[in-house]
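Have a look at the structure below, then the notes.
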Amino acid sequence: MIRPVATEIALFVTPFAIYAAFLIATRAGVLDAEAWSMRRVVISLILVVGSFVLLAQFGGAPPGSTYVPAHVEDGKFVPGSTK
């Protein structure tokens, strides 16, 4: 079964949303900006890498599936698909 596009987008966006919440909390004064300056860089790198790890682990076509490229069959265009 192919995952919905929303799942693929969520896997990519979630770490960035968490980082955005971290920045908002810092700017709102919930977190001390000076104490977190180096951690902010480290956290952003972890979240970016985590995003790509999630995409690599859960993104794309299911294992064992085959991509059939777009082609013309019986005079009709058939879009590419994963089977």
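The values are calculated or read from the model by the stated rules, or taken from the named source; none is laboratory data. All values reported here derive from a predicted model rather than from experimental measurement. Methodologically, a virtual Cβ is constructed for each residue, glycine included, from the backbone with ideal geometry; neighbour enumeration extends over all protein chains shown.
Would you call P15 modelled with pLDDT of 75 or more, surrounded by 10 or more Cβ atoms within 10 Å (Cβ to Cβ) and not β-branched (V, I, T)? Yes: the conditions hold for P15.
Scanning segment 45-83 for residues that are over 14 Å from the mean Cα position of the chain (by Cα), part of a loop (DSSP other than H, G, I, E, B) and surrounded by 11 or more Cβ atoms within 10 Å (Cβ to Cβ), we see that the one that is modelled with the lowest pLDDT is A61.
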